[in-house]
Amino acid sequence: MSRDPLGAATGRGRVGAATGRGWLGAAAGRGPLGAAVGLVAGLLVLAPVLGRGVVLSYDMVFVPDPPITGSVLGTDGSVPRAVPTELLADLLARVLPVAAVQQGLLLAVFVLAGAGAARLVPGLPAAAAAALAYAWTPYVAERLLIGHWPFLLGYAVLPWVVGAALAARRGGSLRPLLLWLAAAAAAGSTSALIATATALCVIGLRPASRFAGVLGFAAAVNLPWIVPALARPGGVPADPAGVAAFAARSDTPLGLAGSLLTLGGVWNPATVPYGRDSALATVALVAVLAALVLGLRPVLADSPGLVAAGAGSLLLAAAGAVPGLDAVLRAVVVHVPGGGLLRDGQKLLAPAALVVALAAGHAVGRLARAPRTAPWAVLLAVLPVLALPGLAWGVGGRLAAAHYPADWLELRAAVAQAPPGEVAALPWGTYRRLDWAGDRVVLDPLPRLLDRRTLADDALPLSRVTVRGEDPRAARVSAGLAAGERLPDLLRSAGVRYAAVHRGQPGSAATERALAGLPVLFSSRDLLLVELPGPTGPTPGDRPWVAVLGLGGAVLCLGAVIVRRRPGLLRSRTPDERTGA
Amino acid sequence: MLSDDRRTGASDRGQILISTLVAAVVGGLLALGASLVLVSSASNTNAPPVNKPLITYDQK
């Protein structure tokens with residue numbers, strides 16, 4: 001086996017290349033150690049919320065006994081952002097309490113991330129360090145706070161995708177790679193995009209049949225969200241204002257480059273963990289630079305494709321904030337189908353985070369091999385935590401768990417008993433502050449809670465600008481309200497039969513005045529449900545064929561890979577086989 | 001000439017691993033303490049407003 005000067009397997013001319021194994025295959029010990037490190041990290045982060053209800057934070061909305069609605073299936077014509085991730089979570093919530101499902105998924109992020117990263121580096125010290133470096137990052141903290149849990153599941157799956165891609169490149173079976181790509185697809189469009197692009201970078205263009213096969217399979221297992229997006233009337237329009245609004249921004253004193261390099265830089269300043277704007281950012285930068293200087297070389301030797309993906313993800317993350325590149329990105333987001341996935345570029349940093357984590361692992365492994373430098377290995381291993389203490393304890397106490405008050409479930413029951421008709425979520429606005437859930441900003445839970453098509457504002461209001469949503473009916477309501485039209489007439493013309501008002505929110509008093517005199521179906525301290533008698537406008541119908549085609553196609557492709565008995569069809573050819581040697 | 005990993009015996013690696021894990025736990029506890037301090041100081045300055053303003057995506 002050839003070894004590079006760092007003592008790490010280089011991936012060229014070694015046993016592993018012929019067998020598809022090597023340190024990648026002999027993961028015994030490192031995976032469980034990484035899982036344990038990830039578990040400890042996850043417990044440190046999630047301890048204040050475990051067993052205490054559901055966590056509601058910005059876009060993270062879980063509801064008890066979630067109904068399987070057209071939005072979750074992608075059949076109602078809405079943008080399929082939650083497909084199929086929420087469907088899978090909702091199905092789990094059919095057999096487990098929703099809080100257990102949510103907390104299990106969040107904890108799984110840390111365990112999977114730790115185990116996956118640990119398996120990609122040689123030696124136990126390196127494995128522990130890589131696990132901690134990957135599970136404990138500003139990226140995890142910021143995406144957890146903003147509630148992008150599907151991204152985090154994709155983040156956790158990425159090292160497994162990379163490991164399987166490396167094995168396939170060395171002649172191993174393609175099946176693990178395809179299964180992990182399916183897992184990434186289950187984590188939603190962004191996760192699938194990151195995983196597929198990274199996997200393709202790792203396996204390389206040659207042989208072209210393998211590249212095309214992986215790409216084709218990835219497309220097939222992503223049909224659950226691709227089909228609804230393609231079939232959506234009017235496509236998925238993207239407001240160009242969103243490119244600047246959701247561009248990465250500096251969340252440290254190190255500027256944009258330093259913030260991204262230290263794996264932070266989320267666009268939303270409200271979701272930056274405590275300490276990022278302090279001198280601790282310098283500690284993070286030292287940790288990253290030390291990892292790259294001491295440990296990047298073996299990562300580059302083993303997988304130049306992964307390093308390229310990491311560099312590319314850094315570039316894409318910065319693009320929205322770099323003059324010149326932002327115009328290109330805006331054109332892609334607005335004009336290229338699916339280009340909207342590149343908006344909020346910082347979410348694409350996952351491959352860069354993995355490169356840094358693996359480099360940290362190699363660096364720690366290198367330092368740990370010599371007794372004189374062992375203390376430095378320990379220090380480098382724990383630097384991610386020292387640089388970001390704000391991730392601990394519910395991201396500095398900013399994650400809180402709560403139980404839905406009884407009247408929310410009573411409102412749902414009242415809607416379920418009412419004659420058919422669409423519901424509007426009021427007051428007209430996308431976000432709420434729930435006093436029973438820590439008064440934190442959270443996406444209105446009503447559309448998720450109700451087993452009815454629910455019309456809700458889908459614009460994204462920011463301090464300086466409002467980014468338009470994609471629902472044309474919601475846009476008509478917004479325009480009508482701005483023009484001073486009567487709310488009941490406006491809602492009826494949009495096809496709405498019932499109005500559910502969340503009291504105690506900005507604008508709720510005016511909303512209640514506008515609906516005064518209408519038949520009240522339910523009323524509590526927090527909630528009001530009224531009926532809007534009279535004829536209503538047309539509503540778009542559900543299209544079950546979208547789910548049949550999307551979910552059915554994906555399941556068929558996945559099933560074909562799982563039950564395939566002839567391994568040869570799913571095995572990458574080794575270099576010797578390709579050359580006929 | 002032996003490579004570095006050959007010179008480092010299994011017992012050394014075990015000690016290094018234990019040191020790493022102990023340091024990780026200590027580091028985690030330190031981080032936890034620092035977080036609690038940060039939270040307690042931050043909670044004093046971020047009390048929810050009495051009159052709720054328009055809720056935007058980028059509010060704390």
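We did not get these values from a lab; they are worked out from the coordinates using the rules stated. Not measured: the values here are computed from a predicted model. All Cβ positions, even for glycine, are placed from backbone atoms using ideal geometry, and neighbour counts span all protein chains on display.
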Normalised by the empirical 2.2 N^0.38 Å for globular proteins, what value does the Cα Rg of region A:405-531 take? 0.99
Which trypsin sites (Lys or Arg not before Pro) does region A:49-110 hold that lie in a coil by DSSP with at most 15 other beta carbons within 10 Å? A:Arg52, A:Arg94
Shielding of A:166-175 by partners, i.e. mean partner chain Cβ atoms within 10 Å per residue? 0
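A:Ala510 to A:Val563: extension gain in nm, 0.36 nm per residue of separation minus the Cα-Cα distance? Present the calculation step by step, with values, prior to reporting the outcome.
Details: separation 53, 0.36 × 53 = 19.08 nm, distance 5.89 nm.
Full-extension gain reported as 13.2 nm.
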Calculate the length of the line joining the C-alpha centroid of region A:303-342 to that of region A:474-534, in whole Å. 41
Going by Cα centres, region A:88-133 and region A:375-406 are how many Å apart? 15
Mind giving me the nanometre distance, one decimal, between the label points for A:His403 and A:Ala479, set 7 Å out from Cα along Cα→Cβ? 4.6
Stretched fully, the stretch from A:Ala257 through A:Arg372 gains (0.36 nm per residue minus C-alpha distance, one decimal, in nm) 38.0 nm
Report, in degrees rounded to the nearest 10, the 0 to 90 angle that the Cα long axis of helix A:189-203 makes with the longest principal axis of chain A. 20
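Sort A:529-539, A:271-281 for me by packing, meaning the mean count of neighbouring Cβ atoms within 10 Å per residue, highest on top.
Values: A:529-539: 14.7, A:271-281: 21.1.
Ranked from most to least packed, the peptides come out as A:271-281, A:529-539.
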Mean ellipticity per residue at 222 nm, deg cm²/dmol - from DSSP H runs of n ≥ 4 across chain A, formula -39500 (n - 2.57): -16500 deg cm²/dmol
Quick one: if you stick a label point 7 Å off each Cα along the C-beta vector at A:Ser209 and A:Ile68, how many nm between them? 3.9
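Using 0.36 nm per residue of separation minus the Cα-Cα distance, give me the extension gain between A:Val555 and A:Arg503 in nm, one decimal.
That works out to 14.5 nm of additional length.
At a 10 Å Cβ-Cβ cut-off, how would you order A:His362, A:His148, fewest neighbours first?
Fewest-to-most ranking of A:His362, A:His148: A:His148, A:His362.
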If I model a spin label as a point 7 Å beyond the Cα along the Cα-Cβ vector, how far apart are those points for A:Leu289 and A:Ala219 in nm? 4.5
Computed for chain A: size of charge dipole around the Cα centre, +1 on C-beta of each Lys and Arg, -1 on C-beta of each Asp and Glu, debye to nearest 20, value 2140
Can you give the average number of partner chain beta-carbon atoms within 10 Å of each beta-carbon in peptide A:383-395, as a whole number? 5
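For a Förster distance of 22 Å, can you work out the FRET efficiency between the beta-carbons of A:Asp451 and A:Val95, rounded to the nearest 0.05?
Details: r = 18 Å, r/R0 = 0.83.
That gives a FRET efficiency of 0.75.
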Output ordering of A:203-212, A:395-404 (per-residue mean of other Cβ within 10 Å, highest first) is A:395-404, A:203-212
Would you tell me the mean number of C-beta atoms belonging to other protein chains that fall within 10 Å of each C-beta in A:264-270, as a whole number? 2
Sorted by Cβ density within 10 Å, fewest first, the residues A:Trp149, A:Trp545: A:Trp545, A:Trp149
